[in-house]
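I have placed the structure first, in the form of structure tokens, so that the comments after it can refer back to it.
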Amino acid sequence: MDPITFSIIRHRLFRVIDEAVITLKHVSGSAITNEGHDLMVSLYRADGSLLMGGVGFLHHLTSAAEACKAVIRRFEGDIGEGDVFLTNCPYTAALHTSDIYLVAPIHHEGRLVAWSACFVHVYDIGAMVPGGFSPESRDIFTEGFSSPGIRLVEGGTMRRDVMDTLLNMVRAPEMVALDLSSMIAANNVARERMVALIEKYGADPVDRACAALVDQSETLFRKRLRELPDGRWESRQYFDIEGETCKVLLAMTKEGDALTFDFTGSSPQSHHGINCTYWASWGGFFAPLFPLLCYDITWNDGVLRPIRMIAPEGSVVNCTRPAPVSLATVGAIQSVNNAACTCIAKMLSASESYAKEATAVWHGSHFAIFMFGLNQRRQEAIGILTETFGGAGGARTWADGIDVGGEIPNPIGRMANVETTEATFPVRYLFRRATPDTGGPGRWRGGNGIEFALVQHDSPEGGINYVVSGKGTEFSMSEGLGGGYAGAPCAYRWVHNNAAREAGRNVNPYPTSLDAMTGEAETISWGVFPLKGEDALYVRSDGGGGFGDPLEREPARVLADIEAGMVSEGVAASVYGVVTAAGAVDETATRERRKALREARLATPMAAE
Amino acid sequence: MSGTRISATLVIDENRAIACAACGYALGPAGGPWKDAARLDERPMQGAGGAPYSNAERVLLRRFLCPGCGALLDTECALAGDPFLTDIVKV
Amino acid sequence: MSAGGGGRYVVATDVGGTCTDAVLFAAGEPVRLGKALSTPPDFADGVLAAVAVAADSIGLGTDALLAETALFVHGSTVVDNTLLTRSGAKTGLIATEGFEDTLTMTRGAYGRWAGLTEDGIKHPVATDRAPPLVPGARTRGVPERVDYKGAVLRPLDEDAAREAIRALVDDAGVDALAVAFLWSFYNDGHERRVGELIREIAPSVYVTLSSEIAPVPGEYERTSTAVINAYAGRIARDYVTSLQGLLRGRGYGGPLLVMQGYGGLLPADEAAGRAVGMLECGPAAGVIGSRHLGRLMEDEDIIACDMGGTTFKVGVIQGGAIDYAREPMVDRYHYVAPKIEVVSIGAGGGSIVALDPASGVPGVGPASAGARPGPVCYGLGGEEPTLTDVMLLVGYMDPGTFLGGTITLDAEAARRVFAEKIAAPLGMSAEEAAIGIYRIAAAQITDLIHEITVERGLDPRDFVLHAFGGSCGLLCGVFGAELGVKRIVVPYTASVNAAFGLLSADIVHEYSVTKTLPAPSPADEINAIYAPMLERARDQLAAEGFAGDATALDWSVDLRYGRQVHEVTTQVAGGGPMTDDGVARLVADFEALYERKFGKGSAYRAASMEMTMFRLSARGLVERPRIERAALADADPAPAHIGRREIFVEAAQGLAPADIYDFERLAPGNVVAGPAVIHTPITTIVVQAGQSGRMDAYRNVIVELD
Ligand SMILES: [Zn+2]
């Protein structure tokens, strides 16, 4: 293939996706799609294999390939030009029922030449809890409608009966209709642009360029793997749900130019919806793999070829139907992300030339809080608190993690302004800031997470409800790297100001920290809760993992962190061994403090004992 | 310390031993596990990095330390009794 | 002001990153152009130098010209430059207590990835935020709180505010302060009070209030805007005032008007206080210039392209209207101010051609060899092949006539370096590879224009393409044809695009009030919102010497569907005041516009509609001489024919012989048939096979596609 045409076609394929993403955002108009970038559009080859992945929630790149393949199997011989198929069955391809895939064949002169697929997290799916995240669900049947494959559009015409049936099963059907139309529009754009590309360059050259693009990715990725040392790296993620502790164990083996992800030893599936299915685990480790190992390689099927996965049937990472999975995206999938990030980072840091690409885990908990109720304009309001897209960066081997700096699996998320949330939900923020001492200490510190608190404000019903599906409150999920500490865990508190008021205490209406709040702060982590009267919800997200030995951090950096309010003096002294006074590092005291800490280390027992 | 890097803190030295990159202290033969030969400071994660470390009491921070120089070689978040994570690098 | 300084010339100067351009003209005389190198940080030197060049062409000295000048219009990159070189003031920030990190958190990852290319976004481990203009340590929270309705919940703690000001000024030593409180755009009382306290405690400190500079929702962007303005404020103010003084000193008695990023002019005194207004004003002026040219030529739908040494920029004019950018950034900092949408890629004449180290696939830019060392063929020490070298290899440039013969291009060096670094690794001849690179550059530009047209529901086939800048004429015949535009115009003023735009701009004051009302709402309610804006606008225009027919007031309203995020600014047809029928018309126009912008099926009628912002654009129409049309000669271009040589011809997929013409000798009315090359003193226009190039009465070259 001539390199010039190849370069042009490759660039144009990416533009096809970009254009479809813009269409998706435009038509959808919803906050989660537009602000959180909780979406994905990608192109697939005629056999359903990934041709070019877009930058969206990266778990979905491979899962949508499975969606294409499932549709190909199910509708073999009955796939027509202008058809669009819907699947959201987690046991077929989807991550959970709320993440709907629409996949559409692309035909040229009557021949099926490619597929486009996209996803958004729809407004509602008819699960037991508005918005879909259902802490009380005990099986897939209570998690809303779920289709292994259904034709939504036939030959370019919407199947009204199918659409009406779907919309009949959800809350706020008009919002879901808009979500679905946005995906149809995105697929239409992808198809039109792809056909235009084929018409300009010819079906054959485009097909050869696509094949070459996949082969090129494979070649480059295998070359990269060969440049990295062989070995076997382990990581372990715990997560706690209502007194239950689940474990995701991962052993990643690299031999030559092949990688195996082995989840043997992970916990049996839970009766809570934090499980994930086989294809979700598969997508779960690709989410960090694409940006960490293939940052300069086209994300497609070529990257998949050198990889194998072992995930025990009936486990939390490969649950058996009808196990519930509505919280998979913030549950087991997130743990798979984190475990894979750690193993990949360990492999990278074992290489002189690739160590700069290694990172401790970013925003391991991916906490999610969903709100639902009537807003101040008496409209039904359902939605996620976008602070989770704020995230927290893991430390790099050459730089600190970025405070409230996002996450790896969704490289371009962002959180909404306080003013946006206060305008759409009947709430008032008491404060929102980066939380000191949450980033894992290290030679390079993990990025701090975020903390904020809300009370209801002008709610026509005296308040609204929220869903907390928190894990990562008992355990730190953002693992450290190379001696760096894991980031601090999450915390959720229900502050009982109403009870304090009833007990005759004065409630502080403007506290700017958890400590300044009047009512008793009850720790919560799981379930549906009210935000009524003067009660407050306090949320503290986890920090990113640290890198390297905190005693090796330059004292000047620790001082700068103290001045910026990112690290407390207490932690500076006890963890970093840095003593400051009057805005300067006390060099002598620091030297002595670090010496003492080192001596204490040498007095610890041998690990074998 | 020269040698072939196998992690952010460890190298393989000229005797084919895993060694501390900071001081050269040998922790066992290349290609094998090394953590047993390190010092271990195992303490509650609670408070380990400051007040926000409000982890449950049973959650432990394991710090694997170089017996030669006290360098922090690796950390783990663990429950008591869970085995050490084993990383093997073949160079 | 319409009277101006009494002279007959209008002088426009535009300070860009590399060059400063001057354009001057008077009724009945041809437009004169001047170019000089920009002279940071004392940009005024370059301004006078460029004016001197233009003045010289009519045999005048600078002072003599200025004495005869009625109007001096100016655009400058000084604020952009302050940000890019981080040379602004030591700035502090006062925020609502509890929300001190709003600026540094940048809405999470947003500030980390915004402004990155695809390659950057895919590599998150390598990304970071730009260091904040105000670090956390120079931010102080003050107790106060206003809610989403603008109601004061918690009064301002003035003692705490005083303490914060003193701490920032005395202890942290700041020279500038930004004040940004939550919901201040609904209720600016607390910000204004803190502003008073600052002037009382530290009168020498430069102050920006977020509610003044950006009275819009979204505390992160509003805060960031206030901070940028405070950071660059004093430099912008001093710059404008000193330029004004300098011009006075050289005998100029008229007003100085300063270009804004939204494409309108402000009197110097007003512009001096709004540093953010000057951001990206050069590209904005270019689009305004295109619109003006379009009006002369009776084209309302225009794709305005500008390709210089480092970037290719494109803006779109539709039905004579210009789109504003949704999320503008300077360097990697967000700000919110009306700014004409101009998108760009790093593809210009100086863009370096390289093979991707991993895959060996060739690409163009975004790295640039700049003016120094510049392309290999300049012979100034450049060792990396650039797009300009490619242009030489495909036969588009004449080594002997470049820049009017002032530089002789070294074609052999260009061929040698290109062959060694690009062609040989690709296994191609230098010409083959050069043609390939040329096609890649054209394809990247096509894709960019696609992004700003097709992706916004516009069909390029309905548009005329304007090709500005030193390099655009070399490529427009190819990408224009692929886009299928109606025709291409390479303007006579192609090389001084922004300065030309300044000539055609009016004084424009932008006002807005943020308030949410259901749509439709009674007309009286809307008119009441406009009343104070109208009063301010009329006073301001009157003070500048504009009244009656010399003013225009445009009303527009931002509308959206309930629970949707996209707001669409919709013109109030026929202007104000509104009637109830007018409101109904506005709502209908919004719905039509929404579907056109966001695609069929996007309008969500089941939801209620809301009006969220009420805008007033108040224009003072600047009187200026008319450009004269030249008499047309016949079509035969033979007198301008200077030779034949082989060039890349797209239709032939290779080199083919073509006619070469000298622009200076072409007469209005002449038509050249492609394949052909027209050399102007500053740029080169390539007419592809099947196309024709006609010089019109304004000396623009109109390329008709087959
Ligand atoms: Zn050691």
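Some notes on this structure:
- Amide H to amide H, with H built 1.01 Å from N, residue C:613 comes under 5 Å of C:515, C:558, counting only residues 5 or more places away or on other chains.
- Segment B:4-79: C-alpha pair distances exceeding 16 Å, %: 52 percent
- Annotation note: GluC sites (Glu not before Pro) in segment C:297-367 located in DSSP loop regions with a Cβ neighbour count of at most 10 within 10 Å are C:298.
- The mean sequence distance of close C-alpha pairs (under 8 Å, at least 6 residues apart), as a share of the length of segment C:295-391, puts its relative contact order at 22 percent.
- In a simple Cβ point-charge model (Lys, Arg +1; Asp, Glu -1; nothing else charged), the protein assembly as shown has a dipole of about 1280 debye relative to its Cα centre.
- Debye-formula intensities of chain C, expressed as log10 I(q)/I(0) at q = 0.11 Å⁻¹, are -1.24 (one equal scatterer per alpha-carbon, no solvent).
- Accessible area of the protein assembly as shown divided out per residue, in Å², using a probe of 1.4 angstrom: 32 Å²
- Exposure ranking of A:522, A:66 by accessible area [1.4 Å probe, largest first]: A:522, A:66
- For segment B:20-91, applying the loop criterion from DSSP together with a ceiling of 16 other beta carbons within 10 Å to the trypsin sites (Lys or Arg not before Pro) yields B:58.
- Accessible-area composition of the protein assembly as shown, carbon plus sulfur, in percent [1.4 Å probe]: 50 percent
- Interface residues of segment C:114-141, defined as those losing at least 30 Å² of solvent-accessible heavy-atom surface relative to the isolated chain (probe radius 1.4 Å), are listed as C:118, C:121, C:122, C:123, C:124, C:125, C:128, C:129, C:137.
- Using the Cβ-Cβ distance between residue C:593 and residue C:170 with R0 = 41 Å, the FRET efficiency computed as 1/(1 + (r/R0)^6) comes to roughly 0.20.
- Under the Debye formula (equal points on every Cα, no solvent term), log10 I(q)/I(0) of segment C:128-287 at q = 0.09, 0.10, 0.12, 0.14 Å⁻¹: -0.35, -0.42, -0.60, -0.78
- Taking θ as phi - 60° and the Karplus parameters 6.51, -1.76 and 1.60, the scalar couplings of segment A:441-448 work out to x, x, 3, 10, 7, x, x, 6 Hz in sequence order, x denoting glycine and proline.
- Computed accessible area, residue C:313, all protein chains, 1.4 angstrom probe, square angstrom: 60 Å²
- Three-way shape label, segment A:474-550, alpha-carbon gyration tensor, a/c 1.5: prolate
- Options A:436, A:574, A:314, ranked by Cα towards positive dipole end of chain A, top entry (Cβ charges): A:574
- Between residue B:57 and residue C:635, the simple label model (points 7 Å from Cα in the Cβ direction) yields a spacing of 9.7 nm.
- Our summary gives chain A a relative contact order of 12 percent, counting only alpha carbon pairs under 8 angstrom and 6 or more residues apart.
- Principal axis dimensions, largest first and in whole angstrom, of segment C:507-559 by Cα: 38, 18, 16
- In sequence order, calculated HN-Hα J values of segment C:103-119 (Karplus, 6.51, -1.76, 1.60; Hz; x Gly/Pro): 5, 6, 6, 6, 6, x, 5, 3, x, 8, 9, 4, x, 8, 7, 3, 4
- Backbone amide hydrogens, once placed in the peptide plane, bring residue A:120 within less than 5 Å of A:100, excluding anything fewer than 5 places away on its chain.
- When A and C come together, around 6700 square angstrom of accessible surface is lost from both chains combined, probe 1.4 Å.
- Pairs of alpha carbons in the protein assembly as shown whose separation is greater than 47 Å (percent): 40 percent
- About its Cα centre, the dipole of segment A:550-602 is roughly 260 debye, where the only charges are +1 on Lys and Arg Cβ and -1 on Asp and Glu Cβ.
- 5 Å binning of all Cα-Cα separations within segment C:507-620, expressed as whole percents from 0 upward: 2, 12, 22, 22, 16, 12, 7, 4, 2, 0
- Relative to the longest principal axis of the Cα atoms of chain C, helix C:580-598 runs at roughly 50 degrees.
- Spatially, segment C:457-513 and segment B:1-59 are offset by 62 Å when compared through their Cα centroids.
- Principal-axis tilt of helix A:60-75 within chain A, Cα atoms, nearest 10 degrees: 30 degrees
- Residue-averaged 222 nm ellipticity for the protein assembly as shown, from DSSP H runs of 4+ at -39500 (n - 2.57), nearest 500: -9000 deg cm²/dmol
- Anisotropy class of segment C:117-221 from Cα gyration tensor, a/c 1.5 cut: oblate
- Residues whose amide H lies under 5 Å from that of residue A:241, counting only those 5 or more places away or on a different chain, are A:246; hydrogens are built 1.01 Å from N in the peptide plane.
- Heavy atoms of residue C:660 accessible to a 1.4 Å probe, total area in Å² rounded to 10: 10 Å²
- Both the radius of gyration and Dmax for segment A:344-384 are 20.7, 59 Å, in that order, over alpha-carbon atoms.
- Given a 1.4 Å probe and the protein chains as shown, residue A:362 ends up with an accessible area of around 10 Å².
- Helix axis angle, A:3-28 relative to chain A longest principal axis, alpha carbon, degrees: 70 degrees
- Chains B and A together bury roughly 4000 Å² of accessible area, counting both sides, with a 1.4 Å probe on protein heavy atoms only.
- Residues along segment A:371-395 losing 20 Å² or more of accessible surface when the other protein chains are present rather than the chain by itself (probe 1.4 Å): A:376, A:377, A:379, A:380
- Of interest is the spacing of the C-alpha centroids, which for segment C:634-705 and segment A:53-129 amounts to 52 Å.
- In segment C:83-172, the chymotrypsin sites (Phe, Trp or Tyr not before Pro) that fall in loop regions by DSSP, at most 10 other Cβ within 10 Å: none
- Percent antiparallel among DSSP beta bridges (both partners in the protein assembly as shown, rounded to 5): 80 percent
- Here is the P(r) of segment A:1-133: all C-alpha pair distances, binned every 10 Å from 0, give 13, 41, 34, 11, 2, 0 in whole percents.
- Three-way shape label, chain A, alpha-carbon gyration tensor, a/c 1.5: oblate
- Evaluating 6.51 cos²θ - 1.76 cosθ + 1.60 at θ = phi - 60° for every residue in segment A:206-219, the Karplus couplings come out as 5, 4, 5, 5, 5, 4, 5, 5, 5, 4, 4, 4, 4, 4 Hz, glycine and proline recorded as x.
- Convex hull per residue volume in Å³, alpha carbons only, for segment A:550-602: 62 Å³
- Debye log10 I(q)/I(0) at q = 0.08, 0.16 Å⁻¹ for segment A:365-547, Cα point scatterers: -0.26, -0.93
- Cα convex hull volume per residue for segment A:336-441 (Å³): 106 Å³
- Out of every Cα-Cα pair that segment C:345-493 contains, those further apart than 27 angstrom amount to 24 percent.
- Length-normalised contact order for chain C - Cα pairs under 8 Å, 6+ apart - percent: 12 percent
- Here segment A:251-296 and segment A:172-248 have alpha carbon centers that stand 15 Å from each other.
- With the Kirkwood sum run over all distinct C-alpha pairs, segment C:653-700 has a hydrodynamic radius of 11.0 Å.
- Overall, the ratio between the Cα radius of gyration of segment C:74-180 and 2.2 N^0.38 Å, rounded to two decimals, is 1.31.
The values are calculated or read from the model by the stated rules, or taken from the named source; none is laboratory data. Just so it is clear, the structure is predicted and the values come from calculations on it, not from any experiment. Positions of Cβ are backbone-derived with ideal geometry, glycine not excepted, and every protein chain shown enters the neighbour counts. Side chains are part of the model used for accessible areas, which takes the heavy atoms of the whole protein and leaves out ligands, DNA and RNA. Shrake-Rupley method; radii C 1.70, N 1.55, O 1.52, S 1.80 Å.
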